[in-house]
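I have placed the structure first, in the form of structure tokens, so that the comments after it can refer back to it.
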Amino acid sequence: MTLIHVVLTGPEEAYDNHVELWCGHDQLGVTVLHEGRLHLRIDPRPDGQPWLVDTTSLAAGLTETAERIAAY
């Protein structure tokens with residue numbers, strides 16, 4: 001199973017709505033504010049293969065992302 005880990009490095013990143021989502025040692029993507037809404041920009045994997053992400057972990061990670069941003 002590929003678990004998502006949420007990384008918010010500080011208040012400046014939270015203010016900019018910038019949160020990193022990681023799968024193991026690889027960054028899956030980052031959140032960005034686009035047209036007034038929070039989006040997830042998914043980066044390509046380093047090995048060029050498609051991502052295979054557990055949907056429950058992704059949903060939990062996105063919920064945690066919104067909660068962490070709101071805390072600031």
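Only the coordinates and a few stated rules stand behind these numbers; no lab work does. Everything numeric here is computed off the predicted structure, so don't read it as measured data. Ideal geometry is used to build each Cβ from the backbone, glycine not excepted, and the neighbour counts take in all protein chains shown.
For the chain, what's the relative contact order in percent, using C-alpha pairs closer than 8 Å and at least 6 residues apart? RCO, the chain: 33 percent.
Farthest towards the positive end of the charge dipole of the chain, among the residues Ala14, His39, Thr55, is the Cα of Thr55, using unit charges on the Cβ of Lys, Arg, Asp and Glu. Taken one residue at a time, the phi angles of region 52-68 give Karplus couplings (6.51, -1.76, 1.60, θ = phi - 60°) of 10, 10, 5, 5, 5, 5, 5, 4, 5, x, 5, 5, 4, 4, 4, 5, 5 Hz. Gly and Pro are set to x. Hull volume per residue, based on the alpha-carbon atoms of region 4-71 and their convex hull, is 87 Å³.
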